[in-house]
Every structure is written in structure tokens, then in C-alpha cells.
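In what follows, a single structure is set out as C-alpha cells and then discussed.
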Amino acid sequence: MKINILSLFPEMFTGPLHESIVGKAIEKTLIEVQVVNFRDYTTNRQKHVDDYPYGGGAGMLLQAQPIFSALDSLEKKDGQLGRVILLDPAGKKFDQSLAEEFSQEKSLTFICGHYEGYDERIRTRITDEASLGDFVMTGGEIAAMAMIDATVRLLPGVLGNQASAPADSFSRGLTGLLEYPQYTRPADFQGLKVPDVLLSGNHQKIAEWRQKAALLRTYQRRPDLLKKIELNSQQNQWLREFSKRVD
């Protein structure tokens with residue numbers, strides 16, 4: 001996968017993208033990351049990439065020209081930009097489903113904004129607008145890093161254990177439920193014991209316990225997610241049990 005990032009602060013990506021899972025993916029040449037400072041593409045003698053909005057108003061807007069020129073240069077070099085993602089608080093909320101969509105692409109191009117916003121004409125060059133949530137950040141760089149991390153870990157060969165990604169919270173492998181509780185050695189730590197079923201060696205019972213525990217955790221912490229999931233008869237029976245405990 002080729003990942004392009006347009007940013008006024010390319011140094012922000014120097015460390016984070018070369019650490020942990022993403023860094024290993026780069027080392028294995030599973031992904032290629034190119035960070036472009038779109039200030040380099042401005043035709044303004046003062047190297048400005050922003051200006052006051054027509055009609056007045058607070059703040060400054062990123063101009064279309066530097067973004068357009070940077071995208072044109074990348075497209076000429078690579079032949080394609082793939083999905084072009086504008087980081088914007090007004091965009092679609094990024095989630096696991098969108099990460100899975102992005103992971104199917106050969107190329108992704110992220111545009112990280114700053115200042116008050118964008119010249120609207122920039123949106124004619126994008127395929128997606130994405131946001132981390134209902135809050136405002138000083139720029140799109142941190143949001144881009146989060147989306148790249150969530151996407152790259154889903155690529156084949158990136159994780160050492162290929163069963164890890166499908167079992168994560170929110171993944172389709174768990175049909176959108178939160179992840180079940182997990183434990184490691186010792187089996188008894190300061191009186192806090194690992195559930196007996198996990199020590200039983202009975203894989204069928206362990207799988208059932210995990211499904212039920214994932215459903216319970218979702219019911220307790222994120223009941224809103226259950227509205228988006230089609231539950232089977234067993235899961236619905238467990239839900240009735242959970243509700244009776246509360247009653």
C-alpha cells in the first residue's frame with residue numbers, strides 16, 4: 001500500500017510512523033509512506049498557503065492552489081492517488097468499518113488541514129472526508145496518524161498473529177462487539193483469579209464464554225452498538241439474562 005500525507009508539519013510524522021506496528025510494516029516494505037509539505041507547492045512569493053475568506057469572517061482558510069499542485073505532482077509521479085481523504089471535523093466519523101475499507105485500497109492520500117478551514121474548491125479533489133470525533137484539533141496530523149495506524153494493522157502480514165485483527169473490538173470478526181476480557185499468567189494474582197473456563201482446555205466452552213463475555217461488555221459499556229448488530233437467538237437469550245440481573 002502507498003500512503004501519501006499532505007501536511008504543513010511533516011516533521012510530526014518522522015517519529016510516530018517509524019515506531020511499533022506501522023514502523024515494522026515500513027521496514028517489511030508492506031507499505032510505503034510519503035509525507036509532502038504542500039507549502040513547497042505554493043506559487044506565493046512569501047510561501048503563504050492561507051488567506052482571508054471572501055465575505056469576511058474569523059480566521060484564515062487554506063488556499064486551493066498549493067493543495068491542487070501537490071496532488072497533481074503526486075498523481076503524475078504515482079499514476080494514481082487512490083482514496084483522497086480530507087481530515088475535517090465535519091467529515092464522517094472514522095471507525096473500524098472505515099479502517100477496513102481503507103485497508104482494501106492500493107493507495108491512500110491524506111490531506112491535513114490547519115487554520116480555520118479549507119477553500120471549498122479543495123473538496124472537488126477528494127473522495128472522503130473523515131473525522132476522529134466531535135471535537136476540534138489544531139490540525140489533521142494526529143487524526144491522520146490514528147487512521148493510518150488503524151488501517152495498516154489490518155493489512156496481510158503486518159501483525160505477527162493474523163488472528164489478532166479480526167478479534168479486536170469493533171471488528172467484523174466479532175460482529176461489531178467489544179472485545180472479550182483477556183488474561184495472562186499468573187492464574188492467581190493477589191487473589192484475582194482467571195476464570196476457570198479459560199484454564200479448562202475445552203475450546204468449545206472457551207469460545208462460548210468469550211462470545212458471552214464480549215456481549216456482556218458491550219451491553220454494559222456501549223449498548224448503542226447493539227442497535228447496529230443483528231444478534232442470533234443465543235445472543236438474544238444472553239441479553240435477556242443480562243437485563244434480568246439489572247432488574
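The values are calculated or read from the model by the stated rules, or taken from the named source; none is laboratory data. Computed from a predicted model, the values in this text were never measured in an experiment. Ideal geometry is used to build each Cβ from the backbone, glycine not excepted, and the neighbour counts take in all protein chains shown. Side chains included, ligands, DNA and RNA excluded: accessible areas come from the protein's heavy atoms. Shrake-Rupley method; radii C 1.70, N 1.55, O 1.52, S 1.80 Å.
Details
- For the chain, the longest site-free run once chymotrypsin sites (Phe, Trp or Tyr not before Pro) in DSSP loop states with at most 10 other Cβ atoms within 10 Å are removed: 136-247
- With contacts taken as Cα pairs under 8 Å and at least 6 residues apart, the chain reaches a relative contact order of 17 percent.
- Potential extension, Q34-K228 segment - 0.36 nm per residue separation minus Cα distance: 66.2 nm
- Accessible area in square angstrom per residue, the chain, 1.4 angstrom probe: 59
- Summarising the label geometry, the points placed 7 Å from Cα in the beta-carbon direction at V197 and Q46 lie 6.7 nm from one another.
- Rg to Rh, two decimals, where the chain supplies the alpha carbon set and Rh follows Kirkwood: 1.08
- In range of the label at E27: residues from the stretch 140-155 whose backbone nitrogen is under 19 Å from the point 7 Å along Cα→Cβ: 149-150, 152-155
- The angle between the Cα long axis of helix 203-221 and the longest principal axis of the Cα atoms of the chain comes to about 60 degrees, rounded to the nearest 10.
- Using alpha-carbon coordinates, inclination of helix 141-152 to the longest axis of the chain, degrees: 50
- Stretching the chain fully between A146 and E105 yields a gain of 13.0 nm (0.36 nm per residue, less the alpha carbon separation).
- Longest DSSP-loop-exposure-free segment, GluC sites (Glu not before Pro), the chain, at most 13 other Cβ within 10 Å: 20-229
- Relative to its residue count, the stretch 1-60 spans a Cα convex hull of 124 Å³ per residue.
- Rounded, prolate or oblate (a/c below 1.5 giving rounded, otherwise prolate when a/b exceeds b/c) for the stretch 60-155 by Cα gyration tensor: oblate
- Share of carbon and sulfur in the accessible area of the stretch 1-103 stands at 51%, probe radius 1.4 Å.
- Residue range of the chain that is longest and free of trypsin sites (Lys or Arg not before Pro) which are both DSSP loop and sparsely packed (at most 13 other C-beta within 10 Å): 107-247
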